[in-house]
Amino acid sequence: MHTHDVFNQAPDIVPFDNSHNPALIEGLHREGAGWAEAEVRELGALAGGFEAQEWGRLANAYPPVLHTHDRFGNRVDEVEFHPHWHDLMKVAVAHGLHGSPWQDERSGAHVARAAKFYTWGVADAGHMCPISMTYAVVPALRHNPELSARFEPLLASREYDYGLREPSSKAGLIAGMSMTEKQGGSDVRANTTTATPLSDGTYRIVGHKWFTSAPMSDMFLTLAQAPGGLSCFLLPRVLPDGSRNTLRLQRLKDKLGNKSNASSEIEYENAIGWLVGAEGAGVKTIIEMVNMTRLDCVIGSATGMRAGVAFAVHHARHRKAFGANLIDQPAMRNVLSDLVIESDAATTVMMRLAGATDRAAAGDESEAAFRRIALAITKYWVCKRAPAHAAEALECLGGNGYVEESGLPRLYREAPLMSIWEGSGNVAALDALRAMARQPESVQAYFDEVSLARGANAALDTAIDRIGKELTDLADIEYRARRVVEQMALVLQGSQLVRHGNPAVADAFCATRFGGDWGIAFGTLPTGVDTAAIIERGFVA
């Protein structure tokens, strides 16, 4: 018996074009990678298409499974992924989202990679972890020129070659990192894993690691205590003679989100490793990798914000309540506008950091100094904003947003990870203070950058002056670390929006984030904001 007709439900947003994003495309050209626009747009259409969205759904619905032994009782230590995990990885590698920029001599290669990472990431966040780590391992690996020459071309190869085989025999490699331990977490100097030098120049590694993501990667950078102190090592899953290195997978983590990606606890049982950098310089060596993955934390958070905006605006355009479309209701327009503002701010500063990465890699010392502090403060703030942004976007869909089929719960579960990965809030804030103390030129580079926006907005000018005063008073600076870093991040975002962003977005950002005419929740913008111009930036084709 027919009981009712379905109406007043928003149509499926899929397919959509995830590159239909003014802040992204404008930043791509501004930071010197306009040549990559065609590929970014190709990925945007692919990421929002039925096929890629289904790949991501299934890879999360059927998470990885650990097999410690084969059916005969032999130790194998392998993880089985859903087949669509490999489809996602193939696309990411083919488009150079991993190590390719390090071998690309074109100006803007890292900017192009950031834009593609951002655009493709909406298909699935989990597989972007090994992609990110492969990108980040290259500058650290260069501390051992021999290993770098041997493996960097394969880490940059655009061929995804899955399976545990001797690394140099493969068409392409995926790399990871394995640092934290049960007793230490972010305090890696408390690590107890040991590295004993052997006569052939390798080291015997013994110990445990509490978090090792993507354990089926071909090789890992790891930290261990050598005779000369905490040192960095490269451990292949398969040794040059073809035998398996003794990296024992103990179990997979049952995580809040990031379900498609395997994160494991591992034991090194006399595993073989190659020294990267000098003994005792482990933190200095691996920080090269950490800084790159921190950039990807910012990109990942910005990706999630953009997805939340797209879902929320799409729903509001098609859903009616109380006699009008949601998007025409004043309260909803306020919320949607605020979500777009936050997304634009995150995207714009993300592209500036990608540009700094490009220029620093080319030898620009002032950009390297700026990037050092700007990345720390932005990683703290943008990644902190992402969970609240995801929650508000979910709420825009009401009960429909709380249902798994909407995609918003997965987005919501992913959001906190970027704030935790590569140093949670306190670690990121204190790292910014460390940069100020050890590299004072980074502070000057920061003020040189934000001062380029002086005179364009009175509230922003006042905020810049306030930060200057905050940094002259060093009493209780660690206690105030989060407040100082938050203000610095907001000023950096505001300066970028004032100089390069949409005027309506920039004005609203400065009036609320600096002017005090703003509540705590999203959707508390003052009257007079050009919501029509702002919300239009949240549309996806």
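Throughout, read-outs are computed from the coordinates displayed, never taken from laboratory work. Predicted, not measured: the structure shown is a model, and the values here were computed from it. Methodologically, a virtual Cβ is constructed for each residue, glycine included, from the backbone with ideal geometry; neighbour enumeration extends over all protein chains shown.
At 37 °C and a viscosity of 0.692 mPa s, what translational diffusion coefficient does Stokes-Einstein give for region 399-481, taking Rh as the Kirkwood radius over Cα pairs? Give it in µm²/s as a whole number. If you can, show how the numbers build up before the last one.
Numbers: Rh = 16.0 Å.
After rounding, the answer is 205 µm²/s.
Given the chain, what percent of its DSSP beta bridges are antiparallel, to the nearest 5?
On the way: 36 of 41 bridges.
Bridges in the chain that DSSP calls antiparallel: roughly 90 percent.
For the chain, calculate the relative contact order in percent as a whole number, restricting contacts to Cα pairs under 8 Å that are 6 or more residues apart. All intermediate terms of the calculation are to be shown ahead of the outcome.
Details: 1023 pairs, mean separation 78.6, N = 541.
Over the chain, the number comes to 15 percent.
If you build the Cα gyration tensor of region 37-95 and take the root of 5 times each eigenvalue, what three semi-axes come out, in whole angstrom, biggest first?
Numbers: eigenvalues 203, 32, 7 Å².
Value: 32, 13, 6 Å, ordered largest first.
Need one word for region 107-211: rounded, prolate or oblate. Basis is the Cα gyration tensor (sqrt eigenvalues a ≥ b ≥ c); a/c below 1.5 gives rounded, then a/b vs b/c decides.
Values: a/c = 1.98, a/b = 1.36, b/c = 1.45.
Oblate, because a/c is 1.5 or more while a/b does not exceed b/c.
Which of K384/K469; K259/K320; K170/K255; K209/K255 have a Cα-Cα distance over 26 Å? If you can, show how the numbers build up before the last one.
Values: K384/K469 24 Å; K259/K320 34 Å; K170/K255 31 Å; K209/K255 16 Å.
Violating the 26 Å limit, Cα to Cα: K259/K320; K170/K255.
Counting residues in the chain as N, plug N into 2.2 N^0.38 Å and put the Cα Rg over that result.
Working: Rg = 23.4 Å, N = 541, 2.2 N^0.38 = 24.0 Å.
Against the empirical 2.2 N^0.38 Å value, I get 0.97 for the chain.
Express in whole angstrom the spacing between the alpha-carbon centres of region 411-429 and region 152-197.
The two parts, judged by their Cα centres, are 22 Å apart.
Under unit Cβ charges (Lys, Arg +1; Asp, Glu -1), what dipole magnitude, rounded to 20 debye, does region 1-83 have relative to its Cα centre? All intermediate terms of the calculation are to be shown ahead of the outcome.
On the way: 5 positive and 14 negative charges, 43 e Å.
Here region 1-83 has a charge dipole of around 200 debye.
Roughly speaking, what is the centre-to-centre gap between region 24-86 and region 447-516 when only Cα atoms are used, to the nearest Å?
Using only Cα atoms, the two centres lie 36 Å from each other.
Could you give log10 I(q)/I(0) at q = 0.13, 0.14, 0.15 Å⁻¹ for region 284-536, computed by the Debye formula over C-alpha point scatterers of equal weight, without solvent?
-0.80, -0.92, -1.05
From the Cα gyration tensor of region 1-154, with a ≥ b ≥ c the square roots of its eigenvalues, which class applies: rounded if a/c is under 1.5, or else prolate if a/b is larger than b/c, or else oblate?
Values: a/c = 3.65, a/b = 1.15, b/c = 3.17.
It is oblate, given that a/c is not under 1.5 and a/b is not larger than b/c.
What value, in deg cm²/dmol to 500, does the helix sum -39500 (n - 2.57) over DSSP H runs of n ≥ 4 give at 222 nm once divided by the residues of the chain?
Working: 17 runs with 272 residues, N = 541.
Taken over the chain, the calculation gives -16500 deg cm²/dmol.
Under the classification rounded if a/c is under 1.5, otherwise prolate if a/b is larger than b/c and oblate if not, where does region 201-335 fall, given a ≥ b ≥ c as square roots of the Cα gyration tensor eigenvalues?
Working: a/c = 4.28, a/b = 2.74, b/c = 1.56.
Since a/c reaches 1.5 and a/b is larger than b/c, the shape of region 201-335 is classed as prolate.
When only Cα pairs under 8 Å and 6 or more residues apart are kept, what is the percent relative contact order across region 356-435? Intermediate results must be reported in sequence, preceding the final value.
Details: 64 pairs, mean separation 25.8, N = 80.
Relative contact order, region 356-435: 32 percent.
Skipping prolines and chain starts, which residues have an amide H placed within reach, meaning under 5 Å, of the one on S107, given they are 5 or more residues away or on another chain?
Distant-sequence amide H within range of S107: zero hits.
Taking θ as phi - 60°, what are the ³J(HN,Hα) couplings along region 271-284 by the Karplus curve (6.51, -1.76, 1.60), each to the nearest whole Hz, with x for Gly and Pro?
Values per residue, Gly and Pro as x: 6, 9, x, 10, 5, 10, x, 7, 4, x, 9, x, 5, 4 Hz.
Grab the other residues whose beta carbon is less than 13 angstrom from that of Q329, score K and R as +1, D and E as -1, and report the net.
+3
Report Rg(Cα)/(2.2 N^0.38 Å) for region 22-280, keeping two decimals. Spell out each step's value before the answer.
Working: Rg = 18.6 Å, N = 259, 2.2 N^0.38 = 18.2 Å.
My calculation over the Cα atoms of region 22-280 gives 1.03.
Please name which of F16, T531, A369 has its Cα lying farthest along the dipole of the chain towards the positive end, using unit charges on Cβ (Lys, Arg +1; Asp, Glu -1) and the Cα centre as origin.
In the chain, that residue is A369.
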